[in-house]
Structures are given as C-alpha cells and as structure tokens.
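A.B. asks: Here it is, the structure in full.
The values are calculated or read from the model by the stated rules, or taken from the named source; none is laboratory data. Just so we're clear, the structure is a prediction, and the values are computed from it rather than from any experiment. Every residue, glycine among them, receives a Cβ derived from its backbone with ideal geometry; neighbour counts consider all protein chains shown. Note: areas computed on protein heavy atoms with side chains; ligands, DNA, RNA excluded. Shrake-Rupley method; radii C 1.70, N 1.55, O 1.52, S 1.80 Å.
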Amino acid sequence: EMRNHGKGQKIYDAVIAFAKEKNIKTIYLLTETAEKFFTKNGFSKMGRNTAPEKILNTEEFKTLCASSAVAMMKHI
C-alpha cells in the first residue's frame, strides 16, 4: 500500500546525493522486488559473479541475499 507515493524515490535520491558527496563512482545492489524501479533510475542488470571482488566478498553477496536476487549497477 506504500508503493507509488514517491517515498522510495526520495530515499533513492538521498542515497545517490550522499554517494556523490563521498565521491563514489559506482553503486552495486541486489534486489528481489525492485528491478523495475532501479532500471527506471539508470541501473543495469549484471551477472552476479561479475561484480568487483570487494563487492562479491560482502555478506550480502555471499550469504544474506538469496541467489535469486538480481545484481545491478550504476555509474554515477
């Protein structure tokens, strides 16, 4: 019931602004439910095993997120 009210977009915009302030050049994520949202915001689907080693070694990639989660990335 909270979808389509703009709250996710506001959170997304704040995260991107923070990343830019910190001079982060690329954002990686895993999602099971929001692939369309992130695609709309410029993310591209990627092979889960093609992420940089530093990302692959996070707990999210190794154990916390299901293997069915879609890996995505965006250069900012």
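A.B. asks: What are the pairs with Cβ atoms under 6 angstrom where one residue, in segment 17-30, is within 25 Å of GLY47 (Cα to Cα) and the other, located anywhere, is part of a loop (DSSP other than H, G, I, E, B) and open to solvent by 100 Å² or more (accessible area, probe 1.4 Å)? Sequence gap at least six, or different chains.
C.D. replies: Close Cβ pairs (under 6 Å, with a partner that is part of a loop (DSSP other than H, G, I, E, B) and open to solvent by 100 Å² or more (accessible area, probe 1.4 Å)) do not exist here.
A.B. asks: Also: Please go through segment 1-45 and give me each residue that is assigned to a loop (DSSP other than H, G, I, E, B), more than 10 Å from the chain's Cα centre (by Cα) and aliphatic (A, V, I, L, M), ordered by number.
C.D. replies: Within segment 1-45, MET2, ILE24 meet the criteria.
A.B. asks: Within segment 56-73, work out how many residues are at pLDDT 85 or above, more than 9 Å from LEU29 (Cα to Cα) and buried (at least 17 other Cβ atoms within 10 Å of the Cβ).
C.D. replies: 1
A.B. asks: Here's another thing I want to ask about it. Residue by residue through segment 58-76, note down the ones that are part of a helix (DSSP H, G or I) and either touching a residue at least 24 places away in the same chain (Cβ under 8 Å) or touching a Phe, Trp or Tyr at 6+ places or on another chain (Cβ under 8 Å) (or both).
C.D. replies: Taking segment 58-76 as the starting set, the residues that turn out to be part of a helix (DSSP H, G or I) are 59-64.
Within segment 58-76, GLU60, PHE61 meet the criteria.
A.B. asks: Among the residues of segment 25-48, count how many are out of contact with any His (no Cβ under 7 Å at 6 or more places or on another chain), exposed (fewer than 12 other Cβ atoms within 10 Å of the Cβ) and under 18 Å from HIS75 (Cα atoms).
C.D. replies: The qualifying residues number 4.
A.B. asks: For a quick check of your reading of the model, give me the residue pairs whose first member lies in segment 46-57 and is assigned to a loop (DSSP other than H, G, I, E, B), whose second is open to solvent by 50 Å² or more (accessible area, probe 1.4 Å), with beta-carbon atoms closer than 6 Å and at least 6 apart or on different chains.
C.D. replies: Listed by first residue and then by second, the contacts come to ALA51/TYR28.
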